[in-house]
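Undergrad: Here it is: the structure, laid out below.
The values are calculated or read from the model by the stated rules, or taken from the named source; none is laboratory data. On a predicted model such as this, the values are computed, not experimentally measured, just so you know. Positions of Cβ are backbone-derived with ideal geometry, glycine not excepted, and every protein chain shown enters the neighbour counts. These area figures cover heavy atoms from the full protein model, side chains too; ligands, DNA and RNA do not enter into them. Shrake-Rupley method; radii C 1.70, N 1.55, O 1.52, S 1.80 Å.
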Amino acid sequence: MHTMNENVLLAIVLLPLVAAVVAGLFGRAIGRAGAHTITIAAVGVSCALSFYVLWQVTVAGVPAFDGPAYTWLVSDGVRMQVGFLVDRLTALMMAVVTFVSLCVHVYTIGYMAEDDGYQRFFSYISLFTFAMLMLVMSNNFMQLYFGWEAVGVVSYLLIGFWYKRPTAIFANLKAFLVNRVGDFGFVLGIAGVLYYVGSLDFSDAFAAAPALAQESFHIGQHAVPALALICICLFVGAMGKSAQMPLHVWLPDSMEGPTPISALIHAATMVTAGIFMVARMSPLFEHSEVALSFVLVIGATTALFMGLLGVVNNDIKRVVAYSTLSQLGYMTVALGASAYGAAIFHLMTHAFFKALLFLAAGSVIIGMHHEQDMRRMGGLAKYMPVTAVTCWIGALALVGTPFFSGFYSKDAIIEAVGESHRWGATYAYWCVLIGVFVTALYTFRMIFLTFHGPERFRNAAHAGHADGDAQEEPDTASDHGHHGEAPHETPLVVTGPLVALAIPSLIVGFFTAGPVLFGSYFQESIRVLEGNDVLGEIAREWHGPVAFALHGLMAPTFLLALGGAATAWLFFLRSPALADGVARRLAPLRTLLVNKYYFDWFNENVIAAGARLIGRGLWKGGDQAVIDGVVVDGSAAAFDRIAAASRFRLQSGYLYSYAFWMIIGLAALLGWFLIAG
């Protein structure tokens, strides 16, 4: 039987890294064309090899690869290695990450054409791809943590790419700090694994999971299940990376980065790292009902309440960003219900249609001369037909329209939660069910305001931002002076990736739902205890993708989606005055949503202000008053006073005084010798 070639795996990982180094360090020498050529070629080869590996493990029957590449260090018997675990879960993630990254690389040629940081941008996105591949291909916690932190660092650079903008710097600092909170929990979870297992290898930790489930961690007089504590700490890291409430606040602000970054961060890379990690850790989570219930409730809350924020936002990119938050909540709910396969399947389908929606939003922004406020758009389908059609495909996939890819993954999640009897499952079921209506409402509101209805852009030059929630991207094409002119379709280098992403958004669910969701695709990659196998229960009613879609046409979820679409049509296309009337009647609720549940206010005025107050107190009271004033300067001043007093008494300058003290000293010495003798 064939075995997986380790050199191929090294090439998949290292090619984007080499391209990033060349584009970053030698960007001026190779020029713009050289930068995008080498990075696209490297990611393209990495993508092709990733699909080859996916073919190997799924079709050719090549066994999974699990082994070290090299040993970094050995400390107290613990081996810290760089190694790869490439099974069916990893192979799927590798294919998704590299394909979406390749589309983003190509799209960037058109989007960033006039930007001064062109080579630097290509270096960053190629480096981001390397970091994500290191994360998904890791076979131990050390390498997982390296990839985890690397995507965080590069996302910091990408969100703040336009570093001359104060809002961009604020956004990337916010993302960095919020992720540090989650990563602190993540590293505590890894420390817990090392403490109880004595190894950082996944295989050792998974083998020890049943025994670890019986261990307790003592906090004072209280005993806490060790595995539950470890899993919750690991999930806190996922809450930061995958933007689950309350650690979600960084993700909408990450829209300050260029649109290609929004697609890369929000579609298949950084935000899905937490989902992948929990699925990879399924052998641990399956032995802790407490941790799974915690995951379930957090995901359900995020899915519903983050979706509501998309209804009141007018920035086209932020609407898609809140959609990402909501869909990440759906994936997290699936994890909490032990439907790990459904979570990963939704991760895959979501990667295609969400990258499509972000890139379509970027195409609209280019065509609208860098305008992002949907209230200044309307009627763009006539001017941008390719963008409009592909965006419609992404929207229909997002809301879960039968036969579209998003339908198969989203419906499976909702049914899996309905089958679950875990604590919190009822709450989660109603959240994801209501979330279907909310998703359709904000999605079609975006579609109707952008591509249909009256052409509002002709008056855009004289209109102001009513709520101040839509930010313009820097004018990379120098066409701000063209506000009010007719929009235009974007060039092929922009629309090409849209078409490439629209195809899997349309058909990938139909062809892969059976084996990935209800078949044995994941095999040993994901482990589910028999009593928790909700997908197994649903699989009994699986009679193929056509029957599943036809059944979905009569399901409550489809009716709720239709209701959301109809409401959006009525309020935002047919009779906009109705929306204004409802907004006035529900003013307190709208204020709550516009202010994003006051999470940002609380963080900035309570947590950040409190931290500054504590820091100022420690600085003034601790550093200046105690350390400098008492310990350092105080001790020096005390010795100075003692010396001054002694000098005044002893160093008088008179000869008879010195002779007197010499006689006293001599007498004391003679007395001591006599007594000692």
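Undergrad: Using the Karplus curve 6.51 cos²θ - 1.76 cosθ + 1.60 with θ = phi - 60°, what ³J(HN,Hα) values do you get for each residue of region 310-322, in whole Hz, with x for Gly and Pro?
TA: x, 6, 9, 8, 10, 7, 4, 6, 6, 4, 5, 5, 5
Undergrad: Let me ask something additional. How would you rank 333-345, 436-448, highest first, on the average number of other Cβ atoms within 10 Å across their residues?
TA: Result, highest mean first: 333-345, 436-448.
Undergrad: A further question on this structure: Given R₀ = 56 Å, what would the calculated FRET efficiency be for LEU25 paired with PHE511, taking r from the Cβ atoms and rounding to 0.05?
TA: With a Förster radius of 56 Å, E is 0.85.
Undergrad: Might you tell me the accessible area per residue for the chain, computed with a 1.4 Å probe and given in Å²?
TA: Per-residue value: 41 Å².
Undergrad: Quickly work out the ALA547-to-TYR598 label distance, labels modelled 7 Å from Cα along the C-beta direction, and quote it in nm with one decimal.
TA: Calculated label separation equals 5.3 nm.
Undergrad: List the residues, sorted by chain then number, that are 5 or more residues from SER216 or on another chain and whose placed amide H is less than 5 Å from its amide H.
TA: Under 5 Å from the amide H of SER216 lie the amide H atoms of ALA226, each far enough along the sequence or on another chain.
Undergrad: Same structure, new question: Taking 7 Å along the Cα-to-C-beta vector as the label spot, tell me the SER635-ARG165 distance in nanometres, rounded to one decimal.
TA: 5.2 nm
Undergrad: Here's a follow-up. How much length is gained if the chain between ALA486 and HIS421 is pulled fully straight, taking 0.36 nm per residue apart and subtracting their Cα-Cα distance, in nm to one decimal? Each step should come with its number before you reach the end.
TA: Working: separation 65, 0.36 × 65 = 23.40 nm, distance 5.52 nm.
In short, 17.9 nm is gained.
Undergrad: As a test of the formula, what do you get for the chain when each DSSP H run with n ≥ 4 contributes -39,500 (n - 2.57) and the sum is divided by the residue count, at 222 nm and rounded to the nearest 500 deg cm²/dmol?
TA: -22000 deg cm²/dmol
Undergrad: Using a Förster radius of 51 Å, what is the FRET efficiency between ILE614 and THR71 based on their Cβ-Cβ separation? Nearest 0.05, please.
TA: Efficiency at R0 = 51 Å is approximately 0.75.
Undergrad: So what is the relative contact order for the chain, in percent, with contacts set as C-alpha pairs under 8 Å and at least six apart?
TA: 12 percent
Undergrad: Could you give each residue of region 223-237 its phi-based ³J(HN,Hα) in whole Hz, using Karplus coefficients 6.51, -1.76, 1.60 with θ = phi - 60°, and x for Gly or Pro?
TA: The phi angles translate into 9, 10, x, 4, 5, 4, 5, 4, 5, 5, 4, 4, 5, 4, x Hz.
Undergrad: Using a 7 Å offset from the Cα along the Cα-to-Cβ direction at both HIS218 and MET80, what is the distance between the two label points in nm, to one decimal?
TA: Computed distance between label sites HIS218 and MET80 equals 3.0 nm.
Undergrad: Still on this structure, I have one more. Measure nothing but the geometry: give the 0 to 90° angle between the long axis through the Cα atoms of 166-197 and the longest principal axis through the Cα atoms of the chain, rounded to 10°.
TA: It is inclined by approximately 80 degrees.
Undergrad: Please give the helix 141-159 orientation as an angle from the longest Cα principal axis of the chain, in degrees from 0 to 90, rounded to the nearest 10.
TA: 80 degrees
Undergrad: Where the accessible area of region 44-100 is counted over protein heavy atoms with a 1.4 Å probe, how much of it, in %, is carbon and sulfur?
TA: 62 percent
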